[in-house]
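Every read-out reported here was derived from the displayed coordinates using simple, explicitly stated rules and does not represent laboratory data. Source: prediction; values computed, not measured. Please note: Cβ atoms are built from the backbone with ideal geometry, for glycine as well, and neighbour counts cover all protein chains shown.
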Ligand code: CO
């Protein structure tokens, strides 16, 4: 049986281990080799890569995509897209979502993995539709979480919704690494029994469950898994490509991967990893296993944010109370998956409830917007008393928030005349206005420097 392997070193591994700081020049030299390994796809764009290129690396993310495409000619390129949020946390109007997808496809993107933090699929419909129009591969992702209302039945229903939307494949997205091997087995089995689409599994090794979870998922019929080349694997990243390849081949699965090429890829990345460790960009902490998420059912990133917040307020001794408060807040908010931005909202609210000695004495504007329905529909019931306390007589919206937004692309394009050089620039600006503006300026300066240098040389 065939199992497809997606390599994440350029995106999720890069994001999880070194905060997405890998510049193009660090991996340029291995792209043609990556193309020869036999991967199902190369995850290389989206998520935080776009923001990081503009913000920290002074790279044009679109140009990065084109450059990758020019060297990776056979292996499909894959990206992570937050549906209506594109790459950020606010909702964009439909015309922007469509333009973004269209340009990503034009610049070489083949597979779009699309999700919504609340699994409110009204928020991915437009992106999926545009991907289908562009004849690219639309993969619908379900965010995995543990709560009293999330069960197999519920996940199968979500899978069915995605199938009805016309996606080409499904992905179970376990961003916190809390999906256990047996749960993965049962979940994949249940999905495969009802849904005809290929099922992919994305997890992290954060809690140490990752490799076992992937193996059990494949045993249950999972069609594809995400792995990272070993030097950029494990810890908060994905399970190692070579390890999974070895174990799967031994069990009689056909991964299509070439062991020799994998070794070449890993040999290339080893000194790069060493460089990040020396510079302190790769922290030993993220490379190990942290089982706290299993104890508290709270993702590792969320836990460390809360600890930092408590320390800053000299209240680290209240951590246990905060951890006890989290399930209450989650219940009141209708059990949102603990993925960004929900994980921050729940964490900050729990800290505030404990430190102020009263529930919801203070409520952030994000939680207020959430209760208003601006992020989408909560998976479960919102606490009606809380809604009343925060919104008063204001009515929450029940339609899709993006339906309330005016088209934006042409207007911004007009405003950026003389600044933006392409539609891609306009999209970068819409996604991250200040950072893109700074990037455009730096680009201008770099180029005028080059010009004056070449004049001097003459
Ligand atoms: Co991930």
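By how many nm would the segment from residue 281 to residue 196 lengthen if fully extended, with 0.36 nm per residue of separation less the alpha-carbon distance?
Length difference between fully extended and current span is 26.3 nm.
Given all pairs of different Cα atoms, what value in angstroms does the Kirkwood hydrodynamic radius of segment 284-402 take?
Radius from the Kirkwood sum: 15.1 Å.
Highest mean first, how do 399-409, 366-376 rank when packing is the count of other Cβ atoms within 10 Å averaged over residues? Please report the intermediate quantities before stating the final value.
Numbers: 399-409: 14.7, 366-376: 20.0.
So the order, starting with the most tightly packed, is 366-376, 399-409.
How would you rank 246-257, 17-28, 79-90, highest first, on the average number of other Cβ atoms within 10 Å across their residues?
79-90, 17-28, 246-257
Stokes-Einstein at 4 °C, 1.567 mPa s, Kirkwood radius from Cα pairs: D for the chain in µm² s⁻¹?
Using the Kirkwood radius from Cα pairs, D works out to 56 µm²/s.
If each of residue 451 and residue 437 carries a label point 7 Å out from its Cα toward its Cβ, how far apart are those two points in nm?
My value for the distance between the label points is 2.3 nm.
In whole percent, what relative contact order does segment 284-402 give with Cα contacts below 8 Å and a gap of six or more residues?
23 percent
Take the alpha carbon atoms of segment 399-458, find their center, do the same for segment 131-191, and report the distance between the two centers in whole angstrom.
Comparing the Cα centres of segment 399-458 and segment 131-191, I get a distance of 36 Å.
What does the helix-only formula give at 222 nm for the chain: each DSSP H stretch with n ≥ 4 adding -39500 (n - 2.57), the total divided by the residues, and the result rounded to the nearest 500 deg cm²/dmol? Don't jump to the answer; show the numbers that get you there.
Working: 22 runs with 230 residues, N = 458.
The per-residue figure over the chain is -15000 deg cm²/dmol.
Modelled label-to-label distance, residue 305 and residue 89, 7 Å Cα→beta-carbon offset: nm?
0.6 nm
I want to check the label-to-label distance for residue 408 and residue 263. Put each point 7 Å from Cα in the C-beta direction and report it in nm to one decimal.
Taking the simple label geometry, residue 408 and residue 263 are separated by 5.0 nm.
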